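Trainee: Take a look at this one; I'll ask things after.
The values are calculated or read from the model by the stated rules, or taken from the named source; none is laboratory data. These figures come from a predicted structure and were not determined experimentally. When we count neighbours, we look across all protein chains shown, and the Cβ atoms used for this are built from the backbone with ideal geometry, even at glycine. Keep in mind that these areas ignore ligands, DNA and RNA; they rest on the heavy atoms of the full protein, side chains included. Shrake-Rupley method; radii C 1.70, N 1.55, O 1.52, S 1.80 Å.
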Amino acid sequence: MISQFFVLSQRGDNIVFRDYRGEVAKGSAEIFFRKVKFWKEDGQEEAPPVFNVDGVNYFHVKVVGLLFVATTRVNVSPSLVLELLQRIARVIKDYLGVLSEDSLRKNFVLVYELLDEVIDFGYMQTTSTEVLKSYIFNEPIVVDAARLQPLGPAAIFMQGTKRMPGTAITKSVVANEPGGRKREEIFVDIIEKISVTFSSSGYILTSEIDGTIQMKSYLTGNPEIRLALNEDLSIGRGGESANDYRSSYGSGAVILDDCNFHESVRLDSFDMDRTLALVPPDGEFPVMNYRMTQEFKPPFHINCLIEEAGHLKAEVILKVRAEFPSNITANTVVLEMPLPKYTTRASFELEPGVTGQRTDFKGANKKLEWDLEKFVGGVEHTLRAKLTFSQELHGMHCPLFNFWRE
């Protein structure tokens, strides 16, 4: 049960606000944003997804730069509310086509109509895009997606001038083509999050992929479709190591540690020919989630070297190389490196003539950030960081790195 739901921009502007029960003060949005913006507890830079202020529980998720927030005074499951916020964002995106501050403001009547059907007096009713079609009567106002910056994880790589994968799924599920024609299209994206741990000498210690097969359907008549996966796909190793398993099943085998499927997927012939049968519901949904720890070549390779540079000083040399072909470009790559807690200052030196790169020292949580606007395949970039400490350190080693995109 939630009392309020609201959506804030990155500047703190209140775009959408709905009070379902009247139990929380009207100024909760301002209190929330002020708390998130100036969060300094425990040296954290960002506020946790759930926190309490003066007896009010605040839950929030960040989706394409927008803050989706719910408040309540009662004790509810945090994971339930966070999942509800994600689903509300997905439903709104299904109906508007594009999820942005501009699209929310232009379609505020439709958004409030959706919120009143999804939540009634603080209780969730449904988050099914297909079910909601029977109760929603407002048409979306189309927002041009071409001038919006793509913020999803699928937008990190480009091949030549073409973004991979396609970004054509920015139309509403209830909007027709010009002339009243129905859209007979379906889009499938494979989105993977890669986690790799390198040793100080650049060798891979651990590697893992968390992936999802995302689908958005504009098909009419609810036809059954079949999705064929790799025939060499195997699930579970049965206690064998990756090398033993690969030698048994061939070098081309794709080994998933575990996976799960959407409720609409039927697995009647999956064991025989690795085919998924489903009647896709309206809107965007994950067909399959999977995890694998099979050895693979990561898209980036990191080398780190640390040298003493005098009393209470050290110099860090970071080298990052793109391991993908030169016709592919990665956009907005951000590298984070945690630093010792006694670090007081950091100065940076980039390669001569380089453009589109920024560096920053985050003193609150002791880490450096290196932003690369464009990263062409096959290219190596180097950063030198000179660190100053408040006391002497012993045995400083290269820590773990984080790669992400904004």
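Trainee: Using alpha carbons only, how many angstrom separate the centre of region 254-277 from the centre of region 107-126?
Mentor: If you average the Cα positions of each part, the centres end up 34 Å apart.
Trainee: Using alpha carbons only, what's the Rg to Rh ratio of region 4-134 with Rh from Kirkwood?
Mentor: 0.95
Trainee: Moving on. I'd like to know which of Thr388, Ala364, Val354 lies farthest towards the positive end of the charge dipole of region 300-404, counting +1 on Cβ of Lys and Arg and -1 on Cβ of Asp and Glu.
Mentor: Among Thr388, Ala364, Val354, the one farthest towards the positive end of the dipole of region 300-404 is Ala364.
Trainee: Modelling each spin label as a point 7 Å along the Cα-to-Cβ direction, I'd like the Lys35/Thr126 distance in nm, to one decimal.
Mentor: It works out to 3.4 nm between the two label points.
Trainee: On a full-extension model of 0.36 nm per residue, what is the gain between Arg358 and Val64, subtracting their alpha-carbon distance, rounded to one decimal in nm?
Mentor: Fully extending the segment from Arg358 to Val64 adds 103.7 nm.
Trainee: Between Ile186 and Asn260, take the C-beta separation as r, use R0 = 22 Å, and let me know the FRET efficiency to the nearest 0.05.
Mentor: Once the sixth-power term is evaluated, E becomes 0.55.
Trainee: So, with a 1.4 angstrom probe, what is the percent of accessible area on region 249-313 that is carbon and sulfur?
Mentor: Using a 1.4 Å probe with all protein chains present, region 249-313 comes out at 49 percent carbon and sulfur.
Trainee: Still on this model: Just reorder Lys26, Lys171 by solvent-accessible area, largest first, 1.4 Å probe, all chains present.
Mentor: Lys26, Lys171
Trainee: Assuming R0 = 56 Å, what is the FRET efficiency of Ile235 and Lys374, from their Cβ-Cβ distance, to the nearest 0.05?
Mentor: 0.90
Trainee: Considering all alpha-carbon pairs of region 320-367, what whole percent are spaced by more than 12 angstrom?
Mentor: 73
Trainee: What ranking, highest mean first, results for peptides 185-194, 67-76, 27-36, 96-105 when packing means the other Cβ atoms within 10 Å averaged over each residue?
Mentor: 96-105, 67-76, 27-36, 185-194
Trainee: How far apart, in nm, are two points set 7 Å out from the Cα along the Cα-to-Cβ line at Arg11 and at Glu295?
Mentor: For Arg11 paired with Glu295, the spin-label model returns 5.3 nm.
Trainee: Give me the 1.4 Å probe accessible area per residue for region 300-404, excluding ligands and nucleic acids, in Å².
Mentor: Accessible area per residue: 52 Å².
Trainee: So with the 1.4 Å probe, I'd like the accessible area per residue for region 9-91, rounded to whole Å².
Mentor: I get 53 Å² per residue for this part.
Trainee: Can you tell me the FRET efficiency between Ser269 and Glu208 if r is taken as the Cβ-Cβ distance and R0 is 25 Å, rounded to the nearest 0.05?
Mentor: 0.30
Trainee: How much accessible surface does Glu113 have with a 1.4 Å probe, in Å² rounded to 10?
Mentor: Glu113 has an accessible surface of roughly 30 Å² with all protein chains in place.
Trainee: Return the long-range amide H neighbours of Phe51 (sequence gap of 5 or more, or a different chain), with a cut-off of under 5 Å between placed amide H atoms.
Mentor: Result for Phe51 returns Tyr58.
Trainee: Of Lys193/Lys313; Lys297/Lys319; Lys62/Lys171; Lys37/Lys171; Lys37/Lys374, which ones are farther than 26 Å apart at the Cα?
Mentor: Lys193/Lys313; Lys37/Lys171; Lys37/Lys374, as the Cα separations exceed 26 Å there.
Trainee: In what order, largest first, do Met1, Met215 sit by accessible area if the probe radius is 1.4 Å?
Mentor: Ranked list, largest accessible area first: Met1, Met215.
Trainee: Give me the number: length gained by fully extending Thr197 to Ser77, i.e. 0.36 nm times residue separation minus the C-alpha to C-alpha distance, one decimal in nm.
Mentor: Contour length minus the Cα-Cα distance gives 39.9 nm.
Trainee: While we're looking at this one, here's another question. Across region 268-280, in residue order, what do the Karplus-derived ³J(HN,Hα) couplings come to in whole Hz, using 6.51 cos²θ - 1.76 cosθ + 1.60 with θ = phi - 60° and x for Gly and Pro?
Mentor: In residue order, the calculated couplings are 4, 10, 5, 5, 7, 10, 6, 10, 9, 10, 7, 9, x Hz.
Trainee: Taking a probe of 1.4 angstrom, what is the accessible area of Lys362 in Å², to the nearest 10?
Mentor: Rounded to the nearest 10, that gives 50 Å².
Trainee: Report, to the nearest whole %, how much of the accessible area of region 4-134 belongs to carbon and sulfur atoms, 1.4 Å probe, protein only.
Mentor: Looking at region 4-134 in its full context, I get 50 percent from C and S.
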